[in-house]
Amino acid sequence: MIRIEPLEATPEADAALEALLYETYVRGGFTDAILASTLLAAAVRARGDVLAARDRTDSLLGTVTLVPPGSPARRFATAEELELHLLAVKPDARRRGIGEALVRDALRRAQASGARGVVLWTQPMMDAAQRLYRRCGFERDASADFRRGTRQFLVHRYVFAKPSTSARSH
């Protein structure tokens, strides 16, 4: 059983978050080592709400950051969208539905907050992440794709269905 909850604010949780993000992004080749400071817990927490996936042993298996409208870390979201940043799952915990559980929980929280959608970006070589995002209902927004240095980024958007309203009046 996997549970998703906000990452607690403790030195141990921060160390686990930093280790996971460094392993995933820097060692994984998706972030240049010179930018590793952007993966420090304080910098990540300043972006928004860090959600953690834990198993019954309380091990940190993965995280994702839900970035709200007022965050200075937002890049592409409209005023009615939230952003997802830094989805990461421990290598030995992959292919067990943890990333999907994190993304779906983040979508649920975003919708509950009143957002109309969620935006994220990924890199072309992140095939598994792109499959996950499509499975969760995200669609590519190629018009928003961008480059940072030599890296290309692909933007994906999720739009919540509008609640149906009855046209009948009594």
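Descriptive notes on the structure:
- Which numbered condition residue 93 misses (of (1) closer than 21 Å to residue 50 by Cα; (2) open to solvent by 30 Å² or more (accessible area, probe 1.4 Å)): (2)
- All positions within segment 74-90 that are crowded, with 16+ Cβ neighbours inside 10 Å and among the small types (Gly, Ala, Ser): 77, 88
- Any hit, segment 141-150, residues being among the polar types (S, T, N, Q) and under 14 Å from the mean Cα position of the chain (by Cα): no
- Pairing each residue of segment 80-92 that is closer than 19 Å to residue 59 by Cβ with any residue that is hydroxyl-bearing (Ser, Thr, Tyr) and open to solvent by less than 10 Å² (accessible area, probe 1.4 Å), provided the two are 6+ apart or on different chains, yields C-beta distances under 9 Å for 86/63; 86/65; 87/63; 87/65; 87/122; 88/63; 89/63.
- Residues that are of a type in the set (Ser, Thr, Tyr), open to solvent by 30 Å² or more (accessible area, probe 1.4 Å) and assigned to a helix (DSSP H, G or I), drawn from segment 112-154: 143
- Any hit, segment 66-73, residues being open to solvent by 10 Å² or more (accessible area, probe 1.4 Å) and either among the acidic types (Asp, Glu) or on the phi > 0 side of the Ramachandran plot (or both): no
- Within segment 9-56, the set of residues being within 17 Å of the chain's Cα centre (by Cα), assigned to a loop (DSSP other than H, G, I, E, B) and surrounded by fewer than 17 Cβ atoms within 10 Å (Cβ to Cβ) comprises 28, 30, 40.
- Counted residues, segment 82-104 - those being of a type in the set (Asp, Glu) and either more than 25 Å from residue 145 (Cα to Cα) or in contact with a helix residue (DSSP H, G or I) (Cβ under 8 Å, 6 or more places away or on another chain) (or both): 2
- Per-region count, segment 99-111, residues surrounded by fewer than 21 Cβ atoms within 10 Å (Cβ to Cβ) and within 14 Å of the chain's Cα centre (by Cα): 6
The values are calculated or read from the model by the stated rules, or taken from the named source; none is laboratory data. This one's a predicted model, so the numbers in the text were calculated from it and none came from an experiment. As a convention, Cβ positions derive from the backbone with ideal geometry for all residues, glycine included, and neighbour counts pool all protein chains shown. What goes into the accessible areas is simple: the full protein's heavy atoms, side chains included, and nothing from ligands, DNA or RNA. Shrake-Rupley method; radii C 1.70, N 1.55, O 1.52, S 1.80 Å.
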